[in-house]
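Enquirer: One structure, as structure tokens, below. Some questions next.
The values are calculated or read from the model by the stated rules, or taken from the named source; none is laboratory data. Only a predicted model underlies this, so the values are computations on that prediction, with no experimental measurement involved. With ideal geometry, Cβ positions are generated from the backbone for all residues, glycine too; neighbour counts draw on all protein chains shown. Quick note on the areas: whole protein, heavy atoms, side chains included, nothing else; ligands and nucleic acids left out. Shrake-Rupley method; radii C 1.70, N 1.55, O 1.52, S 1.80 Å.
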Amino acid sequence: MFAKVQNDRLAVHYFRKTYNFLYKWFGGEDGKTWYYYAKGTVAFIERDQEKLSKIIKAWDKNLPKDRNYSSLVRLYKNWDSKYLEATEP
């Protein structure tokens, strides 16, 4: 919700509280997909296109493509948009 109203500082703060590297290593498929989704969303908010691209490529190789994967791809394709615009269908 913070990202949708462009409060990027709080959006990043709370997103980062939802994941850590242990999810990627020991979280099973669900933990890994959440790790990539949250980290990719933070990359979009922080305007790090290279990091978002790397996250999508890593997900593409190793994990099933679910709604969160599709959301990251949508963010990447709408790079020049604000978060709210990029996430709206």
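Conditions (1) of a type in the set (Val, Ile, Thr); (2) in contact with a Gly (Cβ under 8 Å, 6 or more places away or on another chain); (3) surrounded by fewer than 19 Cβ atoms within 10 Å (Cβ to Cβ), marked per residue:
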| residue | (1), (2), (3) |
| --- | --- |
| Thr41 | yes, no, no |
| Phe44 | no, no, no |
| Asn68 | no, no, yes |
| Asp80 | no, no, yes |
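Enquirer: In addition: Give me the pairs, please: first residue somewhere in the range 59-75 and hydroxyl-bearing (Ser, Thr, Tyr), second residue anywhere and open to solvent by 60 Å² or more (accessible area, probe 1.4 Å), beta-carbon distance under 9 Å, and either six or more positions apart or on two chains.
Expert: Taking only residues 6 or more apart or on different chains, the pairs are Tyr69/Asp60.
Enquirer: Another question about this same structure. Could you check Ser53 against (1) in a helix (DSSP H, G or I); (2) of a type in the set (S, T, N, Q); (3) in contact (Cβ under 8 Å) with a residue 24 or more places away in the chain; (4) surrounded by fewer than 16 Cβ atoms within 10 Å (Cβ to Cβ) and say which number it fails?
Expert: Among (1) in a helix (DSSP H, G or I); (2) of a type in the set (S, T, N, Q); (3) in contact (Cβ under 8 Å) with a residue 24 or more places away in the chain; (4) surrounded by fewer than 16 Cβ atoms within 10 Å (Cβ to Cβ), the lone unmet condition for Ser53 is (3).
Enquirer: Which of the residues spanning the range 1-23 are surrounded by 16 or more Cβ atoms within 10 Å (Cβ to Cβ) and farther than 18 Å from Leu75 by Cβ?
Expert: Tyr23
Enquirer: Condition first: assigned to a helix (DSSP H, G or I) and either touching a residue at least 60 places away in the same chain (Cβ under 8 Å) or at positive phi (or both). Now tell me which residues in the range 19-50 satisfy that.
Expert: Gly28
Enquirer: Within the range 6-18, is even one residue of a type in the set (Val, Ile, Thr) and part of a helix (DSSP H, G or I)?
Expert: Yes, that holds for at least one residue.
Enquirer: Condition check: touching a helix residue (DSSP H, G or I) at 6+ places or on another chain (Cβ under 9 Å), among the small types (Gly, Ala, Ser) and assigned to a loop (DSSP other than H, G, I, E, B). Does Ser71 satisfy that?
Expert: Against the criterion (touching a helix residue (DSSP H, G or I) at 6+ places or on another chain (Cβ under 9 Å), among the small types (Gly, Ala, Ser) and assigned to a loop (DSSP other than H, G, I, E, B)), Ser71 does not qualify.
Enquirer: Arg74 is checked against (1) open to solvent by 60 Å² or more (accessible area, probe 1.4 Å); (2) farther than 15 Å from Thr87 by Cα; (3) at pLDDT 95 or above; (4) not β-branched (Val, Ile, Thr) and fails just one. What number does that condition carry?
Expert: Only one criterion in (1) open to solvent by 60 Å² or more (accessible area, probe 1.4 Å); (2) farther than 15 Å from Thr87 by Cα; (3) at pLDDT 95 or above; (4) not β-branched (Val, Ile, Thr) is unmet by Arg74, namely (2).
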